[in-house]
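The values are calculated or read from the model by the stated rules, or taken from the named source; none is laboratory data. All of these numbers come straight from a predicted model, not from anything done at the bench. Cβ placement follows ideal geometry from the backbone for every residue including glycine, while neighbour counts extend to all protein chains displayed. Heads up: the accessible areas ignore ligands, DNA and RNA and are worked out on the full protein's heavy atoms, side chains in. Shrake-Rupley method; radii C 1.70, N 1.55, O 1.52, S 1.80 Å.
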Amino acid sequence: MHRFFTSPELIDSDRVHFTPEQARQFRSVLRMGKGDEVLVLDGEGVCYHVQLQYLGRTEAQGRILSSSRAGGEPGGELRLCQALTRGERFEWILQKGVELGVTLFQPMLTTRTLRRQPGASKWIRWRRIIQEAAEQCGRGRLPVLAEPITFEQALAEKKGLSLIPTVTALKPVREALQNASWPLTLFVGPEGGFDPHEVDMARNAGAHPVSLGARTLRTETAAIALLILSAAAMGEFDHAAPRADIQSEVT
Ligand code: SAM
């Protein structure tokens with residue numbers, strides 16, 4: 001069953017009002033009609049099973065058949081502080097980050113960041129990538145995309161165990177993640193890496209410089225590798241959570 005995020009204000013007792021964009025998607029892309037059913041997530045952890053009742057060109061409405069707690073969320077807060085990168089790399093990090101459980105994307109401007117501040121259209125596109133990835137992979141809440149801030153500000157806002165992978169670090173990331181608990185904050189540098197004074201600042205602020213092995217990874221590879229290792233250390237791959245829209249295997 002298709003999943004859609006909506007804002008809680010579009011849910012009105014037993015009715016859901018869809019946005020014009022969603023109405024167009026039902027009709028033109030998904031070829032849905034009256035009576036078809038979808039799952040609607042309020043972004044705050046509730047999942048509604050909805051039957052479409054009215055489908056216009058720019059308007060659609062449905063009736064709530066049942067509601068349940070939305071699954072698909074990590075066990076705790078997973079913050080990815082990612083230096084802004086060029087081209088499609090940042091978009092790729094957003095999409096894969098959503099799938100791997102990131103709860104907050106914090107774009108950072110660092111000493112060696114090449115990319116400028118994103119414009120309004122980029123911003124809209126990034127939010128759409130997050131929403132589509134969250135709908136596709138079955139997240140129960142919409143990950144937050146924060147406004148870009150400086151590395152210093154990101155350090156000041158870090159929460160819980162904080163890891164900063166650098167090519168000069170000796171401590172293996174797996175060691176740093178032993179006995180880790182939520183929340184986690186991960187800092188990933190830009191194409192040119194972190195400046196040594198930034199690594200010192202991070203260490204002084206309580207973040208742990210860690211190694212991701214003997215090869216220098218591209219920034220997007222480093223982000224994904226670190227997310228996978230962190231999620232694995234937190235047991236995120238150890239339990240299957242049945243999804244309302246997928247028939248689970250009988251064991
Ligand atoms: N020449 C750059 C440098 O000296 O840091 C390489 C930067 S790398 C392309 C981009 C980011 O990925 C780094 O800032 C770091 O956060 C992470 N990274 C890549 N490979 C890594 C490794 N083997 N160990 C730890 N971090 C790594």
Of (1) within 14 Å of the ligand (Cβ to nearest atom); (2) farther than 17 Å from Glu77 by Cβ, Leu177 satisfies every one except (2)
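Has the stretch 119-141 got at least one residue that is closer than 18 Å to Gly75 by Cα, within 16 Å of the ligand (Cβ to nearest atom) and not in a loop (DSSP other than H, G, I, E, B)? Steps first, answer last, please.
The initial filter retains those residues of the stretch 119-141 that are closer than 18 Å to Gly75 by Cα, namely 134, 137-141.
Applying the additional criterion that residues be within 16 Å of the ligand (Cβ to nearest atom) yields none.
No, the stretch 119-141 contains no residue that is closer than 18 Å to Gly75 by Cα, within 16 Å of the ligand (Cβ to nearest atom) and not in a loop (DSSP other than H, G, I, E, B).
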Given the residues Gly193, Gly206, which is the only one that is part of a loop (DSSP other than H, G, I, E, B), at positive phi, touching a residue at least 40 places away in the same chain (Cβ under 8 Å) and more than 8 Å from the ligand (Cβ to nearest atom)? Gly206
Search result, residues across the stretch 73-115 that are open to solvent by 40 Å² or more (accessible area, probe 1.4 Å), touching a residue at least 24 places away in the same chain (Cβ under 8 Å) and assigned to a loop (DSSP other than H, G, I, E, B): Glu73, Gly75, Glu77, Arg86, Thr111, Arg112, Leu114, Arg115
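Identify, please: which residue in the stretch 148-170 is over 20 Å from Thr219 (Cβ atoms) and surrounded by fewer than 18 Cβ atoms within 10 Å (Cβ to Cβ) and is, among those, nearest to the ligand (Cβ to nearest atom)?
For the stretch 148-170, the residue satisfying everything is Leu170.
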Go through the stretch 143-183 and give me each residue that's under 21 Å from Leu229 (Cβ atoms) and of a type in the set (S, T, N, Q). Ser162, Thr166, Thr168, Gln178, Asn179, Ser181
Subset tally (residues that are surrounded by fewer than 16 Cβ atoms within 10 Å (Cβ to Cβ), within 9 Å of the ligand (Cβ to nearest atom) and in contact (Cβ under 8 Å) with a residue 40 or more places away in the chain) for the stretch 215-231: 2
